[in-house]
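Values in this text are rule-based calculations from the coordinates and carry no lab data. These figures come from a predicted structure and were not determined experimentally. So basically every Cβ, Gly included, is an ideal-geometry build from the backbone, and we count neighbours across all protein chains shown.
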Amino acid sequence: MKIDITEIAGKESAIMEISTIVNRMDLEHEILGVTLESDINMTIKLTYIKGYIFVIGQLSGLYLTNCHRCLKELGGTYDVTIEEKFALVSERTDDESYPYEGHFIDVSSLLIDNILLSFPTTILCEEECKGLCPKCGNNFNIKQCTCETQEIDLRMEKLKDYFKK
């Protein structure tokens, strides 16, 4: 999603406010197993200061994913606070800012990055989720199975006979 910054570019301390809905189909639809279920509500304030465009605001919407242990479908809302900056490509000296050229900034990467980083690395249906049996796929949250789940480490196979002597 490109934003025209003509009215603030080059004007020290100029501010521009935007409140809009970003079509989720304009971004990557699935972000590491998390599907955006609604369009993104975006409210941001852009400020031009010393060659940078500072972006501060909120992103919110609905998501759908699966529990990392038992694969149960989960959904909910996300509400993300963003504080980022853009720098002209020709003057960009760090990796902490997003690049822009001319009188437009593309906030697509900023949206994806901030939404992605707002989710934990492991999403669980509940803190005590027991997961699935690695042999038969049984959901341990519902019932136990009779599968033998003890794994044998082939590197230590010879040592198990050592104590039998």
(request) Quick one: compute the contact order of the chain, relative version, from alpha carbon pairs under 8 angstrom and 6+ residues apart, as a percent. (result) 19 percent
(message) I need two numbers for segment 1-42: Rg to one decimal and Dmax as a whole number, Cα atoms only, in Å.
(response) 14.4, 41
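About its Cα centre, what dipole magnitude does segment 100-165 give when the only charges are +1 on Lys and Arg Cβ and -1 on Asp and Glu Cβ, stated in debye to the nearest 20?
760 debye
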(message) Among Gln58, Ser108, Ser38, whose Cα projects farthest towards the positive end of the dipole of the chain, with charges put on the beta-carbon of Lys, Arg (+1) and Asp, Glu (-1)?
(response) Ser38
(message) Per 0.36 nm of contour for each residue apart, how much would the distance between Leu64 and Asp161 grow if the chain were fully extended, relative to their Cα-Cα spacing?
(response) 30.0 nm
(request) Please arrange Ile142, Ile112, Ile3 by counting, for each residue, the other beta carbons lying within 10 Å of its beta carbon, fewest first. (result) Ile142, Ile112, Ile3
(message) With both bridge residues required to lie in segment 2-128, what share of the DSSP beta bridges run antiparallel, to the nearest 5%?
(response) 95 percent
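Taking R0 as 45 Å, what's the FRET efficiency between Asp153 and Glu96 from their Cβ-Cβ distance, rounded to 0.05?
After rounding to 0.05, the efficiency reads 0.55.
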(request) Let me know the number of lysine pairs in the chain closer than 20 Å at the Cα, not counting same-chain pairs under 8 apart. (result) 13
(request) Enumerate the calculated ³J(HN,Hα) couplings along segment 71-87 in order (Karplus 6.51 cos²θ - 1.76 cosθ + 1.60, θ = phi - 60°), each rounded to whole Hz, writing x wherever the residue is Gly or Pro. (result) 6, 5, 6, 10, x, x, 10, 10, 9, 10, 8, 10, 9, 9, 9, 10, 10
(request) Using packing as a proxy for protection, rank 20-26, 35-41 so that the peptide with the highest average count of other Cβ atoms within 10 Å comes first. (result) 35-41, 20-26
(request) Sort largest first and round to whole Å: the equivalent ellipsoid semi-axes of segment 1-103, each the square root of five times a Cα gyration tensor eigenvalue. (result) 32, 15, 11
(request) Based on a Kirkwood Rh over C-alpha pairs, give the Stokes-Einstein translational diffusion coefficient of segment 54-109 at 25 °C and viscosity 0.890 mPa s in µm²/s. (result) 175 µm²/s
